[in-house]
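What follows is calculated from the coordinates using simple rules that are stated; it is not laboratory data. It should be emphasised that the depicted structure is a prediction, and the values quoted were computed from it without experimental measurement. No Cβ is skipped: glycine too gets one built from the backbone with ideal geometry, and neighbour counts run over all protein chains shown.
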Amino acid sequence: MTWDVTVLISVLAVVGLFCQVYLQRTHNEKSLKPLGQIDFRDRQDQLYIRVSNNGVGPMILDRLWFIKDGKRYATIEECLHLDRRSYSRLDGHESVRKVILPNSSLTIFEASLAPQENETALNHVRDQLSPITLKVEFHDIYDNKMSIERDFQWFNRHAVKEDSM
């Protein structure tokens, strides 16, 4: 009789252990999740596009897609008609794996404009960016796939419409 109770208690302890391991792993997956966000800055002297990780786990980038006129591109420079020396950009080669740590960001595009450059040059960069959409595919350390997407129409928010003139 004591032998049966001992075996039963041992089996229940093992089942409880497996349940606890499952709950711990589920908790870890949820608590170490990256939270991706695409951020913009548009000031007189600087324009940038960044992918930020506002979560508490690392964000492992799988692929960046730039979408313009329904076509996908691997790099932003394929979508722009700007002098390549006028801006810095992330090299979009897939062979280079990028990891964004928690509370960090990765600059995808940045144009720093000198004070002597006028509003026309700034508007030209904005016009080039506004028809583009960025899609970021990434995963967490548990290999859970995620993606974020944002269009760049925000850069065109100050554009003067021809109808209003």
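Pick from 60, 141, 132: which is most flexible by mean-square fluctuation in a GNM of the chain where alpha carbon atoms under 10 Å apart are linked? Comparing 60, 141, 132 in the GNM, the peak value goes to 141. In the structure shown, the pairs 30/98; 33/68; 33/71; 30/71 are assessed against 25 Å; a Cα-Cα span above that value is assigned to 33/68; 33/71; 30/71. Each helix, a run of at least 4 DSSP H residues, gives -39500 (n - 2.57); summed and divided by the residues of the chain, these come to -8500 deg cm²/dmol at 222 nm. Compactness of the stretch 19-60, taken as the C-alpha radius of gyration over 2.2 N^0.38 Å, stands at 1.80.
Coupling constants for the stretch 61-73 follow from the phi torsions by the Karplus curve (6.51 cos²θ - 1.76 cosθ + 1.60, θ = phi - 60°), and in residue order they are 6, 9, 7, 10, 10, 10, 10, 9, 6, x, 9, 9, 10 Hz; glycine and proline get x. Between the listed residues 87, 101, 132, the Cα displaced farthest toward the positive end of the dipole of the stretch 34-155, a dipole computed from Cβ unit charges relative to the Cα centre, is found at 101. Of 21, 10, 47, which is farthest on the positive side of the dipole of the chain, counting Cα position, with +1 on Lys and Arg Cβ, -1 on Asp and Glu Cβ, and the Cα centre as origin? Farthest towards the positive end: 10.
Using alpha carbons only, what's the Rg to Rh ratio of the chain with Rh from Kirkwood?
Working: Rg = 24.1 Å, Rh = 18.9 Å.
With Rh from the inverse mean 1/r over Cα pairs, Rg/Rh is 1.27.
When the dipole is taken about the Cα centre of the stretch 7-97, and only Lys, Arg (+1) and Asp, Glu (-1) are charged at their Cβ, what size is it in debye, to the nearest 20? Don't skip to the answer; put the middle values down first.
On the way: 14 positive and 11 negative charges, 24 e Å.
Dipole size: approximately 120 debye.
Here's how it looks for residue 35: its modeled amide H is under 5 Å from those of 54, 55, 56, 57, which are all 5 or more places away or on a different chain. Computed from backbone phi with θ = phi - 60° and the Karplus coefficients 6.51, -1.76 and 1.60, the 3J(HN,Hα) list for the stretch 18-34 is 5, 5, 5, 4, 4, 5, 5, 5, 4, 4, 4, 4, 6, 7, 10, 8, x Hz; x is used for glycine and proline.
Rounded to the nearest 20 debye, the dipole magnitude of the chain is 240 debye, with +1 charges on Lys and Arg beta carbons, -1 on Asp and Glu beta carbons, and the Cα centre as origin. Counted over all Cα-Cα pairs of the stretch 16-90, pairs farther apart than 14 Å make up 75 percent. Scalar couplings 3J(HN,Hα) for the stretch 43-57, obtained by applying the Karplus form with A = 6.51, B = -1.76, C = 1.60 to θ = phi - 60°, are 10, 4, 9, 7, 10, 8, 10, 10, 9, 10, 10, 9, x, 10, x Hz; x denotes Gly and Pro.
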